[in-house]
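Visitor: Encoded as structure tokens, here's the structure I'll be asking about.
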Amino acid sequence: MQSFQLYERASTVPEKSYIRGDWQKGYESLTEEFDYWIDDVEGQIPPELHGTLFRNGPGLLDINGHHIHHPFDGDGMISRITFSNGRAHFRNRFVRTEAYLEEQKAGKILYRGVFGTQKPGGWLANAFDFKLKNIANTNVIYWGDKLLALWEAADPHRLDPQTLETLGKEHFQGVLSEGEAFAAHPRFDPSCAQDGGAPCLVNFSIKPGLSTTITIFELNTEGEVVRKHAHKVPGFAFIHDFAITPNYCIFFQNPVTFNPIPFVLGMRGAGECVKFQPHQPTRIVIISRNPEQREVKILETHSGFVFHHANALEVGDEIVIDSICYESLPEVEPESDFREVDFDALQPGQLWRFDINLKDKTVSRELIESRCCEFPTMHSQKVGRPYRYLYMGAAHAETGNAPLQAFLKLDLESGKRQLWSAAPPGFASEPIFVPRPNSEREDDGWVVALVYDSESHRSDVVILDARDLNKGPIARLHLKHHIPYGLHGNFASEVFVPMD
Ligand code: FE
């Protein structure tokens, strides 16, 4: 088995591609809500690019000047970029969660955040307060004619795709109960065998405890839950993402323990009570997508900590899964400020491929990309199937740990890489691949992403030709304002803005 030691940071760290103060500015709140046609465009928006890019992420990093402790605790704000006939339109709106409305009215923090945000008044004011703030900030999907803002520890919020108005919580005709979790990382199955080859959406929820309940949800194209089945696995689990193949759901149960006492006593957020256990193995949990198959397969490997998986596929008795692994989970200290993070002191996320042999119950792994990378995405028709091209946010430099400033395309067949970097002033986010209509090549399309430009303190929508990232953006759409660094989003082929 390979050791992480082999891939330790090179001692000769290249000159920095960023200034920390520039990066920090991307974490300013955006309080205003906009609605306009984007007219400041460099290059040309491809006329064939038609549809809507929805993005979600923390829009507020403070409540009326009171800083939150971690961006993951920031209120969800949806950005919608509409492309049609070579033009683009922007709109953003906060998800009006109950807690958002209450806190905006009060002008102060009323809820503890999972990642350490505390109510004012010290630990006494926070002890024994277990109320969760459903902040709806992690992902946004358009499925079954519903636009849903997702946050992994509670129920989704449904939004009007035309106005981005919050319509209320979505429970899928009573399938979810009030407050029941629905993860923020659904996977799109382009051809579900259980549904006669129709597409379906697969998602999960985690109910942590001494043992963990993993529930699988599968939704048809009408947005109805057609399969829901729950499974118990031993031990506490902190699972943010999963991967699917035609037959399986695959989870990495990261080696962590949870000590709730500091949370109960009001000294730390629940997420800050998770402790990484570097000497314990990662458990790979494999659950059949067929609800009749109750057997849960559990194998062990060493992966460090995984937030995101790129894709998985089946080859005979093997499952192959590509995942971004960290050597450890950085601990958030109660007194620290996330803006002061020392990137050089942390290990980068790197892409690994795991080969899981279900027959022999063995796992082998190989490092595919050592450059610091995150937010892997690919062609949506290749989910769970053999695929060739992967797109990721990446650091500017080949070695070391740094903020994401570039977009990397990886050809998994040839090993060739393409990269476009927005450094030094630009900071990258999750890239989304949009196929060109009627395209046949897997990489025939565009990579669309938000880039924060620290020089102008505004964000750009960047459109890259996915066949050749090296040549740089074919269009750069300058927004009138910045968008705080976001999390996840999706592209829908529908357009919700009236076009003249
Ligand atoms: Fe995520």
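The values are calculated or read from the model by the stated rules, or taken from the named source; none is laboratory data. On a predicted model such as this, the values are computed, not experimentally measured, just so you know. We place every Cβ from the backbone using ideal geometry, glycine too, and count neighbours over all the protein chains shown. Accessible surface is based on the protein model in full, side chains and every heavy atom, while ligands, DNA and RNA are left aside. Shrake-Rupley method; radii C 1.70, N 1.55, O 1.52, S 1.80 Å.
Visitor: For a 23 Å ceiling on Cα separation, which of these pairs sit above it: Lys131/Lys207; Lys105/Lys131; Lys207/Lys361; Lys207/Lys382?
Guide: Lys207/Lys361; Lys207/Lys382, as the Cα separations exceed 23 Å there.
Visitor: Here's another thing I want to ask about it. Assign unit charges at the C-beta atoms only (+1 for Lys and Arg, -1 for Asp and Glu), then state the dipole size of the chain relative to its Cα centre in Debye, rounded to the nearest 20. Walk me through the numbers on the way to the answer.
Guide: Values: 49 positive and 68 negative charges, 134 e Å.
Using Cβ point charges on Lys, Arg, Asp and Glu, the chain gives about 640 debye.
Visitor: Can you give me the accessible area per residue for the range 10-492, using a 1.4 Å probe, in Å²?
Guide: Spelled out: the 1.4 Å probe surface of the range 10-492, per residue, equals 39 Å².
Visitor: Once you have all Cα-Cα distances for the range 278-334, histogram them in 5 Å bins from zero and send the whole-percent values.
Guide: Reading the bins upward from 0: 4, 14, 19, 25, 17, 11, 6, 3, 1, 0.
Visitor: May I ask you to evaluate 6.51 cos²θ - 1.76 cosθ + 1.60, the Karplus curve with θ = phi - 60°, for each residue of the range 404-413 and list the ³J(HN,Hα) values in order in whole Hz, giving x for glycine and proline?
Guide: So the J values, rounded to whole Hz, are 6, 10, 9, 10, 10, 10, 10, 8, 6, 7.
Visitor: Find which of Phe375, Gly122, Tyr387 sits farthest along the positive direction of the dipole of the chain, computed with +1 on the beta-carbon of Lys and Arg, -1 on that of Asp and Glu, about the Cα centre.
Guide: It is Gly122, whose Cα lies furthest towards the positive end.
Visitor: Within 10 Å, count the other beta carbons around each residue, average over each peptide in 318-329, 105-116, and list them highest first.
Guide: 318-329, 105-116
Visitor: For the range 26-55 and the range 131-165, what is the separation of their Cα centres, given in Å?
Guide: 20 Å
Visitor: While we're here: What lysines sit close enough to Lys471 to cross-link, taking a C-alpha to C-alpha distance under 18 Å and skipping anything fewer than 8 places away on the same chain?
Guide: By straight Cα distance, Lys471 reaches Lys409, Lys416.
Visitor: What does the highest-first list of 407-418, 75-86, 197-208 look like by mean Cβ count within 10 Å?
Guide: 75-86, 197-208, 407-418
Visitor: Could I ask something else about it? According to the square roots a ≥ b ≥ c of the eigenvalues of the Cα gyration tensor, what is the shape class of the range 149-287, taking rounded for a/c under 1.5, prolate for a/b larger than b/c otherwise, and oblate for the remainder?
Guide: Here the range 149-287 falls in the oblate category.
Visitor: Can you list the cysteines of the chain that have no other Cys Cβ under 4.7 Å away?
Guide: Cys249, Cys273, Cys325, Cys372, Cys373
Visitor: Which of Asn259, Val306, Phe238 sits closest to the plus end of the dipole of the chain, meaning its Cα is farthest towards the positive end, when Lys and Arg get +1 and Asp and Glu get -1 on the C-beta?
Guide: Value: Asn259.
Visitor: Then there's this: How much accessible surface does Tyr387 have with a 1.4 Å probe, in Å² rounded to 10?
Guide: Approximately 20 Å² of Tyr387 is accessible to the 1.4 Å probe.
Visitor: Please compute the Cα-Cα pair-distance distribution of the range 288-433 with 5 Å bins starting at 0, giving whole percents from short to long.
Guide: 2, 9, 16, 20, 18, 14, 10, 6, 4, 1, 0
Visitor: Once the convex hull of the C-alpha atoms of the range 10-492 is built, how many Å³ does it hold per residue, rounded to a whole number?
Guide: Looking at the range 10-492, the number lands at 144 Å³ per residue.
Visitor: Determine, from the Cβ-Cβ distance of Val264 and Ala230 and an R0 of 30 Å, the FRET efficiency 1/(1 + (r/R0)^6), rounded to the nearest 0.05.
Guide: Details: r = 27 Å, r/R0 = 0.89.
With a Förster radius of 30 Å, E is 0.65.
Visitor: Lys/Arg Cβ at +1, Asp/Glu Cβ at -1, dipole of the range 10-492 taken about the Cα centre: which of Ala406, Val175, Ile321 is farthest positive-ward?
Guide: Val175
Visitor: Okay, next question. Per residue, how much space in cubic angstrom lies within the convex hull of the C-alpha atoms of the range 340-422?
Guide: 125 Å³
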